[in-house]
Amino acid sequence: MQRLILACLLLMVLPLGALLPMNTASSNALAGITLLSKTVADRQHTPALPFTGIAVSANVPFSDAPSTAFSLNAAQNFSYVNLGLGATHSGDYDYNSQDFRLGLALCLGDFVAGYTQHLFLERAGVDQSHQSWNSDLALAYRGDGYGYEARVMNLAKEEQELHLNVSTKIIEGVRAGAGYVYAKQGDGGYRFATSIDLAENLTLQSSWQSNPSRFGAGLKFKLKAWDLMYSIRTHSALNLSHSLDLVYVW
Amino acid sequence: MKYLALAWLCLCLTPVFAQISEELPELEIPAQAEETWEQLFSELREQPLSLAGRADLFSKNPQIHLNGRWQLPRAELLALYNRDLNKDLDAFSFRLAVGSNHWDAVLGNYRLRFGRGLALGTSSRSMPDSLFSFQNPLSPRNYGLLGAGTAYRHKALRATVFASMQSREAKLDAEGRIRSIQKSRGEEFSSTTESILGAAAGISLPSVNAGILCQRLEYDREFVNPEMSRTHWMASAYAGLKLKRIRLDAETLLQDTHPAALLNFNYKAAGFEQNISYARNGLQNRQPHALTPALLSKTTDSNEWNFDWAFALPLKSSLKLRYAINNDAGGSPLSRFIGSLTHSHKQRKFGFLFQSYDSEIITRIDSSYVSSEPRNHRFRLWGRYPLAGALEQNFDFMYGVQDKKNHSQNSFRAKLGFAYVEKDWELTLEYLSWQNLHESWQSDEFDPWLQSLCASEDRVLSLDLAWGRGAWKLAVKGTASFLDVKNRGISLRATWKRK
């Protein structure tokens, strides 16, 4: 089975695209393949996460400080249900946006099915904010040896995206994942990511995506229940993006 | 004249996350101020001698509050002070309450509740525990009763006499006649002297309460409205009956020639409660010192029927439903439907609230309320639960459908908060965002009649740090807006209690 998945991973590494913003260090390092992340910070990128904890994230896209996005995510388990709440604020007085979200994930063993409802606000100048409601839907399996995930972002919207991801454990402490993104508008793309435990408290995560070609890499330090992660992501035409996650896990 | 303008989205700007009311908040602004004061008095009453101070600085509405309470043998002294730093305005009030087995007496600022509160009382719609009772005063800026009152009880007999005399701010015309009377001190208008003398008597048995109230109200000036005279007489009768699971009660009121009535039927069984009430409002202008009960519009000759059901559900949940229909003379019926589903288990609480109502219900009260749809809907989802250890999370999201075609016209308020308690320390972080169609009016937390202009939308981050040990509790709260650089404030709080 693992060989089959590895073959799939290799086949999927073809140059295509990637669209939605990645506001966490983990998702920037992994190009959005959240099957390899074990952080509640990524709850804003996929509804199908079973983790609990609280995370604060900062993302400076393309080194543009005024566009810095600050995110707060928290998730708690109630029996089989994982409730995730979060908010993201980015921009300054001239232009800013907010994303409020509430997600429910049903966790049955290694299977997770989740739904997240977003209220997205965008404001330019002194005009009233524009509201939009977005929904994400996902189904994931997170086994020890391998995992897969299908998620639909911005359900029934023009910006709808379908993400199909798979992951596998190559050896102990090393995992790899690949994904394909189909975008309703514009080009989709392929992604490939790895997560390597360099030491007991240190993990290196890296990724590559197509269309545009971007590399991402990040280091995660673990100290008891705390995770601190810093990552960067390149762009073919723009400056580096920097991200930082601070996570408390329970 | 605009009776009350407010911003429903901003009602919970304060860190209070207490009772979530099912009713439309616009109809319950006075009740929310009452709740705030009750919480404050409850805190002050934890020890015999307590002082609480609060300074809201650098905000749009900077104020200083100083409140004290002293418990004496068979007596209690409350002293309240407020200073409005913008208007350079001071207000002070006190209440001395003395009690014995047969007598209660109050001196200073007080409120009296009789029966259902149709004539005198609070904004609470709940069934009274007693025939009449002296209530805590509200903000020293509010005009309540100022004078003295005494109540006597002997076995089943109850009687009270009360008097009030004070100078109240009033808008006058060129001839010195009263156009309107202010409910809050502002030192902006002229004044008129108000004198009230009243008495009530009745019986109070375990299953029966009945009594009558008679009151005379007089002003030293004529009113512009020819239908209003300087002197008003008011008579009210109340009766309540308990029959196992059934409670019946009714209050009728006659002010001058205007009748009003409130009838209520309540049935309560294990896991189920039903309430049916009928109200009729014949008062063109309510008593200036009385807080308006929510269920009656201020329109003359209006009738309102209320139907309430409450069910206990599995999984420690409950369902409440309310349907109310209001008929005005010559107008079309206005209705509202409210449903709430709540879950409460230890520290974990979740709730969902749905409100569907004719928008005119609110525009009658708040002329700044704008809606393109005759029928509006609101959704509210809230929760509060522990995360890990001493860390707690809360969220509160409200969304109002006022325009179905352009959803960006609709109003919302979203709050995400965290609280952390460790020994003597308490840290609270909140992020609040709201959007409304236009700028609107926000009622003060302590004084429902004091309003300040509220931005049509904002994103506010607040951090509250509190420390308490022994007799002292100190706290500081900072707020900052992401959209308005001038909208920042600091609030300092201090409480001292001695055994």
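Couple of notes before you dig in:
- Selection from the stretch B:139-174 of residues that are of a type outside the set (A, V, I, L, M, F, W, C) and free of Cβ contacts under 8 Å to residues at least 40 places away in the same chain: B:LYS155, B:GLN166, B:SER167, B:GLU169, B:LYS171
- Members of the stretch A:133-153 found to be crowded, with 16+ Cβ neighbours inside 10 Å and touching a helix residue (DSSP H, G or I) at 6+ places or on another chain (Cβ under 8 Å), listed by number: A:ALA140, A:ARG142, A:TYR146, A:GLY147, A:TYR148, A:GLU149
- Verdict on A:THR168 being of a type in the set (S, T, N, Q) and touching a helix residue (DSSP H, G or I) at 6+ places or on another chain (Cβ under 8 Å): yes
- The lone criterion from (1) on the phi > 0 side of the Ramachandran plot; (2) buried (at least 16 other Cβ atoms within 10 Å of the Cβ); (3) charged (D, E, K, R) left unmet by A:GLU161 is number (1).
- Within the stretch B:64-111, the set of residues being of a type in the set (D, E, K, R) and either part of a strand (DSSP E or B) or touching a Cys at 6+ places or on another chain (Cβ under 7 Å) (or both) comprises B:ARG69, B:GLU76, B:ARG83, B:ASP84, B:ASP90, B:ARG95, B:ASP104, B:ARG111.
- Strands (runs of 3 or more DSSP E) contained entirely in the stretch A:67-181, each with at least 1 residues that are away from chain B (no Cβ under 14 Å) and of a type in the set (A, V, I, L, M, F, W, C): A:95-108, A:111-124, A:130-142, A:146-153, A:161-171
- Qualifying position, being in the same structural domain as B:THR363 (by TED's automatic domain parsing), on the phi < 0 side of the Ramachandran plot and modelled with pLDDT of 90 or more, among B:LEU427, B:LEU450, B:LEU483: B:LEU427
- Residues (at pLDDT 90 or above and among the hydrophobic types (A, V, I, L, M, F, W, C)) located in the stretch B:359-389: B:PHE379, B:LEU381, B:TRP382, B:LEU387
- Taken as a whole, the condition of being assigned by TED's automatic domain parsing to the domain that holds B:LYS499, more than 30 Å from B:ASP484 (Cα to Cα), in a strand (DSSP E or B) and touching a residue at least 12 places away in the same chain (Cβ under 8 Å) applies to B:LEU51.
- The stretch B:197-222: number of residues that are charged (D, E, K, R) and within 12 Å of B:ALA163 (Cα to Cα): 2
- Contact map, the stretch B:59-75: residues that are in contact (Cβ under 8 Å) with a residue 60 or more places away in the chain and not assigned by TED's automatic domain parsing to the domain that holds B:ARG141 paired with residues that are β-branched (Val, Ile, Thr) and outside any loop (DSSP other than H, G, I, E, B), Cβ distance under 7 Å, separation 6+ or inter-chain. No pairs are found.
Residue-wise test of (1) assigned to a helix (DSSP H, G or I); (2) crowded, with 24+ Cβ neighbours inside 10 Å; (3) modelled with pLDDT of 90 or more.
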| position | (1), (2), (3) |
| --- | --- |
| A:ARG3 | yes, no, no |
| A:LEU11 | yes, no, no |
| A:ALA29 | yes, yes, yes |
| A:ALA55 | no, yes, yes |
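- Output for the stretch B:199-215, where each listed residue is surrounded by 16 or more Cβ atoms within 10 Å (Cβ to Cβ) and in contact with a Lys or Arg (Cβ under 7 Å, 6 or more places away or on another chain): B:ALA201, B:GLY202, B:SER204, B:GLY211
- Test: residue in the stretch B:52-60 that is polar (S, T, N, Q), within 20 Å of the chain's Cα centre (by Cα) and closer than 28 Å to B:SER452 by Cβ: no
- Given (1) in contact with a strand residue (DSSP E or B) (Cβ under 8 Å, 6 or more places away or on another chain); (2) among the acidic types (Asp, Glu); (3) assigned by TED's automatic domain parsing to the domain that holds B:GLY186, index of the condition B:ASP129 fails: (1)
Each row is one residue, and each column tells you yes or no for (1) at pLDDT below 95; (2) within 30 Å of B:THR193 (Cα to Cα).
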{"site": "B:GLU35", "(1), (2)": "yes, yes"}
{"site": "B:ARG69", "(1), (2)": "no, yes"}
{"site": "B:ARG74", "(1), (2)": "yes, no"}
{"site": "B:VAL98", "(1), (2)": "no, yes"}
{"site": "B:LEU112", "(1), (2)": "yes, yes"}
{"site": "B:GLY115", "(1), (2)": "yes, yes"}
{"site": "B:ARG125", "(1), (2)": "yes, no"}
{"site": "B:PRO128", "(1), (2)": "yes, no"}
{"site": "B:PRO137", "(1), (2)": "yes, yes"}
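- Output for the stretch B:472-486, where each listed residue is within 11 Å of chain A (Cβ to nearest Cβ) and either over 24 Å from B:LEU453 (Cα atoms) or part of a strand (DSSP E or B) (or both): B:SER481
- The condition (being modelled with pLDDT under 95, more than 28 Å from B:LYS183 (Cα to Cα), aliphatic (A, V, I, L, M) and not in a strand (DSSP E or B)) is satisfied by just one residue among B:LEU291, B:LEU283, B:LEU315, B:LEU248: B:LEU315.
- Looking across the stretch B:440-460, the residues that are within 11 Å of chain A (Cβ to nearest Cβ) and not in a strand (DSSP E or B) come down to B:ALA455, B:SER456.
Okay, residues lined up against (1) closer than 18 Å to A:SER167 by Cα; (2) more than 14 Å from chain B (Cβ to nearest Cβ); (3) at pLDDT 95 or above:
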site: A:GLN185; (1), (2), (3): no, yes, no
site: A:ILE196; (1), (2), (3): yes, yes, yes
site: A:THR203; (1), (2), (3): yes, yes, yes
site: A:SER207; (1), (2), (3): yes, yes, yes
site: A:PRO212; (1), (2), (3): no, yes, no
site: A:ALA217; (1), (2), (3): yes, yes, yes
site: A:ASP227; (1), (2), (3): no, yes, yes
site: A:SER243; (1), (2), (3): no, yes, yes
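- Exactly one residue out of A:ALA65, A:ALA87 is under 25 Å from B:ASP484 (Cα atoms), out of contact with any Cys (no Cβ under 6 Å at 6 or more places or on another chain), of a type in the set (Gly, Ala, Ser) and surrounded by fewer than 15 Cβ atoms within 10 Å (Cβ to Cβ), and it is A:ALA65.
- Of the candidates B:SER332, B:SER340, B:SER356, the single residue that is small (Gly, Ala, Ser), over 20 Å from B:LEU262 (Cβ atoms), at pLDDT 90 or above and surrounded by fewer than 17 Cβ atoms within 10 Å (Cβ to Cβ) is B:SER356.
- Summed over the stretch A:104-121, residues that are at pLDDT below 95 and of a type in the set (Gly, Ala, Ser) total 1.
- Taking the listed residues B:GLU34, B:GLU23, the one that is under 30 Å from B:ASP358 (Cβ atoms), surrounded by fewer than 19 Cβ atoms within 10 Å (Cβ to Cβ) and acidic (Asp, Glu) is B:GLU23, with no other qualifying.
- Residue match in the stretch A:211-224 (condition: on the phi > 0 side of the Ramachandran plot, touching a strand residue (DSSP E or B) at 6+ places or on another chain (Cβ under 6 Å) and in a loop (DSSP other than H, G, I, E, B)): yes
- Filter result for B:SER456 (in the same structural domain as B:LEU44 (by TED's automatic domain parsing) and either crowded, with 20+ Cβ neighbours inside 10 Å or over 22 Å from B:LEU381 (Cα atoms) (or both)): no
The values are calculated or read from the model by the stated rules, or taken from the named source; none is laboratory data. Values in this document were obtained by computation on a predicted structure and should not be read as measured data. Every residue, glycine as well, gets a Cβ built from its backbone with ideal geometry; the counts of neighbours run over all protein chains shown.
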